[in-house]
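A short worksheet on the structure shown next.
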Amino acid sequence: SNEDHDCEKMEEFLGRCMDDGCVVDGFLAQDEQQALDMWDVRESCNPLTAATGYTYKYDISIPIPTFDTFVTDMKTQLLQKDYSHESVSAVSW
(Lines give C-alpha, C1' and ligand atoms only; values in the text may rest on other atoms or scores of the structure.)
Protein backbone atom coordinates (compact mmCIF):
# COMPACT_ATOMS: atom_id res chain seq x y z
CA SER A 1 0.00 0.00 0.00
CA ASN A 2 1.25 3.48 -0.87
CA GLU A 3 0.35 5.98 1.87
CA ASP A 4 0.28 9.00 -0.46
CA HIS A 5 -1.90 7.16 -2.97
CA ASP A 6 -4.23 5.94 -0.19
CA CYS A 7 -4.60 9.47 1.19
CA GLU A 8 -5.36 10.82 -2.27
CA LYS A 9 -8.05 8.16 -2.81
CA MET A 10 -9.61 8.90 0.60
CA GLU A 11 -9.65 12.66 -0.04
CA GLU A 12 -11.24 12.14 -3.47
CA PHE A 13 -13.87 9.82 -1.99
CA LEU A 14 -14.73 12.25 0.81
CA GLY A 15 -14.81 15.13 -1.67
CA ARG A 16 -17.35 13.28 -3.81
CA CYS A 17 -19.43 12.49 -0.70
CA MET A 18 -19.45 16.18 0.25
CA ASP A 19 -20.27 17.26 -3.31
CA ASP A 20 -23.19 14.78 -3.35
CA GLY A 21 -24.44 16.05 0.02
CA CYS A 22 -23.92 12.69 1.76
CA VAL A 23 -21.34 14.27 4.07
CA VAL A 24 -21.82 17.80 5.35
CA ASP A 25 -18.88 18.23 7.70
CA GLY A 26 -16.01 16.26 9.15
CA PHE A 27 -12.30 16.06 9.67
CA LEU A 28 -9.56 13.72 8.60
CA ALA A 29 -6.34 13.24 10.54
CA GLN A 30 -3.28 14.35 8.63
CA ASP A 31 -0.92 11.99 10.46
CA GLU A 32 -0.89 9.22 13.05
CA GLN A 33 -0.35 11.59 15.99
CA GLN A 34 -3.33 13.70 14.98
CA ALA A 35 -5.47 10.56 14.73
CA LEU A 36 -4.36 9.52 18.22
CA ASP A 37 -5.09 13.01 19.57
CA MET A 38 -8.59 13.00 18.05
CA TRP A 39 -9.27 9.55 19.52
CA ASP A 40 -8.06 10.75 22.95
CA VAL A 41 -10.58 13.61 22.86
CA ARG A 42 -13.36 11.17 22.02
CA GLU A 43 -12.36 8.70 24.72
CA SER A 44 -11.88 11.41 27.39
CA CYS A 45 -15.67 11.63 27.56
CA ASN A 46 -15.88 8.12 29.04
CA PRO A 47 -14.50 8.92 32.52
CA LEU A 48 -16.64 12.05 32.70
CA THR A 49 -19.86 10.26 31.88
CA ALA A 50 -18.96 7.20 33.96
CA ALA A 51 -18.56 9.45 37.01
CA THR A 52 -22.31 10.15 36.81
CA GLY A 53 -23.16 6.44 37.00
CA TYR A 54 -23.55 3.53 34.59
CA THR A 55 -23.68 4.74 31.00
CA TYR A 56 -24.69 3.49 27.61
CA LYS A 57 -22.83 5.37 24.93
CA TYR A 58 -23.52 5.31 21.22
CA ASP A 59 -21.90 7.18 18.38
CA ILE A 60 -24.42 8.44 15.88
CA SER A 61 -24.25 10.53 12.76
CA ILE A 62 -27.13 12.86 12.06
CA PRO A 63 -27.45 16.15 10.19
CA ILE A 64 -26.38 19.06 12.39
CA PRO A 65 -29.68 20.97 11.95
CA THR A 66 -31.59 18.00 13.44
CA PHE A 67 -29.23 17.44 16.38
CA ASP A 68 -31.13 19.46 19.01
CA THR A 69 -34.42 17.86 17.99
CA PHE A 70 -32.83 14.41 18.25
CA VAL A 71 -31.57 15.07 21.80
CA THR A 72 -34.95 16.48 22.86
CA ASP A 73 -36.74 13.45 21.39
CA MET A 74 -34.32 11.06 23.15
CA LYS A 75 -34.91 12.77 26.49
CA THR A 76 -38.67 12.51 25.95
CA GLN A 77 -38.41 8.81 25.11
CA LEU A 78 -36.24 8.12 28.15
CA LEU A 79 -38.61 9.98 30.48
CA GLN A 80 -41.56 7.93 29.20
CA LYS A 81 -39.89 4.73 30.42
CA ASP A 82 -39.98 3.66 34.06
CA TYR A 83 -36.46 4.43 35.16
CA SER A 84 -37.45 5.58 38.65
CA HIS A 85 -34.60 3.52 40.10
CA GLU A 86 -32.00 5.06 37.77
CA SER A 87 -30.70 8.44 36.77
CA VAL A 88 -31.23 8.66 33.01
CA SER A 89 -30.16 11.42 30.69
CA ALA A 90 -29.28 12.13 27.07
CA VAL A 91 -26.05 14.10 26.81
CA SER A 92 -24.71 15.88 23.78
CA TRP A 93 -21.30 17.35 23.00
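Observations on the model:
- The fraction of all Cα pairs in region 5-49 landing in successive 10 Å bins from 0 to the largest distance is 23, 37, 31, 9, given as whole percents.
- Rounded to the nearest 10 Å², the accessible area of Thr69 at probe 1.4 Å: 80
- Extension gain (nm, one decimal) between Ser61 and Asp73, 0.36 nm per residue minus Cα-Cα: 2.8 nm
The values are calculated or read from the model by the stated rules, or taken from the named source; none is laboratory data. Being a predicted model, the structure only gives us computed values, none of them experimental. In case anyone asks, the SASA skips ligands and DNA or RNA and just uses the protein heavy atoms, side chains included. Shrake-Rupley method; radii C 1.70, N 1.55, O 1.52, S 1.80 Å.
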